[in-house]
Amino acid sequence: MLNVIAVVSQKGGAGKSTLARLLAVEAARNERRAKIADLDLLQATSTNWNMRRQRAERTPGIDVQTFGAVDQAVRSAAGFDLLVLDGAPHASTQTAQAARAAQLVIIPTKTTLDDLTAALGLARELVSKNVIAPDRVLFVLNQTTDSTTEAAEARQWLLKGGFPTADAHIPLKTGYSRALDAGDAPTEAKHPSLQGRATVLANEIFEYLNAITKG
């Protein structure tokens, strides 16, 4: 059975492609056929990352394609176990289409009030238009600082907004950016502690996906 995860955001730089690559690589590491549909034709972040990954001959290999339409991406995923839709920012129509096609919508956000407000606004818009149910949205904090208080406050702010929010988060670390630059996923960063933090987040997301699809 194909699982579809849409990673979307209202603002650029929120961490969509980081999470898309994390999920695809971890699924492939667990012997699931994973594909990323890069819906950002302008920047093609995940596509360019995969070119670096292929040049570095990293394993597991990940199938990444660019698409201008969500339905084309879904049709291309026959035979795959996981399709991750890496959405383009500020694409409201496409964002809604991606959300409708997915069992789970992930919205990454930084911890500033501006970013949190935009992320929460997107989630509320998708729910108010009956695109997706609230429990099918999962917020993930990305590029957090070393302040555990700040991350905790941001998470509570989102939870009070009425949406599930992952316990784990991705901190702003040079090791992660260097891993992505090299064609690696966050779980393939050189430092074991960074690998571990990213693994915890990936596992939490997959466990949540399993819970809502089986429930």
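Segment 36-92 to segment 154-196: how many Å between their Cα centroids? Going from one Cα centre to the other spans 20 Å.
Extension gain for Glu204 to Ala182 (0.36 nm times residue separation, less C-alpha to C-alpha distance): 5.4 nm. If R0 equals 35 Å, the separation of the Cβ atoms of Gln72 and Ser147 corresponds to a calculated FRET efficiency of about 0.25. Placing unit charges on each Cβ (+1 for Lys and Arg, -1 for Asp and Glu) gives segment 126-215 a dipole about its Cα centre, and among Leu126, Ala151, Thr165 the Cα reaching farthest toward its positive end belongs to Leu126. For segment 1-69, applying the loop criterion from DSSP together with a ceiling of 16 other beta carbons within 10 Å to the GluC sites (Glu not before Pro) yields Glu31, Glu57.
With a probe of 1.4 Å, find how much accessible area the chain has per residue, and write the answer as a whole number in Å².
Numbers: 9820 Å² over 215 residues.
For the chain, the solvent-accessible area averages 46 Å² per residue.
Taking the empirical scaling 2.2 N^0.38 Å for compact globular proteins as reference, segment 100-146 has a Cα radius of gyration ratio of 1.19.
Label points 7 Å out from Cα along the Cβ direction at Ala56 and Ser193: separation in nm? Each label point lies 7 Å from its Cα, and together they span 2.1 nm. Placing pseudo-labels 7 Å out from each Cα toward the beta carbon at Ser128 and Asn30 gives an inter-label distance of 3.5 nm. Projecting the alpha carbon convex hull of the chain along each direction and taking the average yields 10.8 nm².
As a length-normalised measure over Cα pairs under 8 Å and 6 or more apart, the relative contact order of the chain settles at 24 percent.
Under unit Cβ charges (Lys, Arg +1; Asp, Glu -1), what dipole magnitude, rounded to 20 debye, does the chain have relative to its Cα centre? Working shown, then result.
Details: 24 positive and 22 negative charges, 50 e Å.
Dipole magnitude for the chain comes out near 240 debye.
Over segment 152-215, the pair-distance histogram of Cα-Cα distances with 5 Å bins from zero comes to 3, 17, 20, 19, 18, 14, 8, 1 percent, rounded to whole numbers.
When the Cα positions of Ala198, Pro89, Leu141 are compared along the charge dipole of the chain, Pro89 comes out farthest toward the positive end, with charges on each C-beta of Lys, Arg, Asp and Glu.
Which net charge results when you count Lys and Arg as +1 and Asp and Glu as -1 among the other residues whose beta-carbon is under 14 Å from that of Lys160? Charge balance in the 14 Å sphere: +1.
To the nearest 20 Debye, how big is the dipole of segment 37-87 about its Cα centre, given +1 on the beta carbon of each Lys and Arg and -1 on that of each Asp and Glu?
On the way: 5 positive and 7 negative charges, 48 e Å.
It comes to approximately 240 debye.
Overall, the accessible surface of segment 1-89 at a probe of 1.4 angstrom is composed of carbon and sulfur to the extent of 46 percent.
By a straight-distance test (C-alpha under 22 Å), which lysines pair with Lys11 as possible cross-link partners, with residues fewer than eight away in the same chain excluded? The reachable lysines, counting only those whose Cα sits under 22 Å from Lys11, are Lys110, Lys129, Lys160, Lys173.
The values are calculated or read from the model by the stated rules, or taken from the named source; none is laboratory data. Please read these numbers as outputs of a predicted model, since none were measured by experiment. Reconstructed Cβ throughout: ideal geometry from the backbone, glycine too, with neighbour counts over all protein chains shown. Each accessible area value is taken on the protein alone, full model and side chains, heavy atoms only, with ligands, DNA and RNA left out. Shrake-Rupley method; radii C 1.70, N 1.55, O 1.52, S 1.80 Å.
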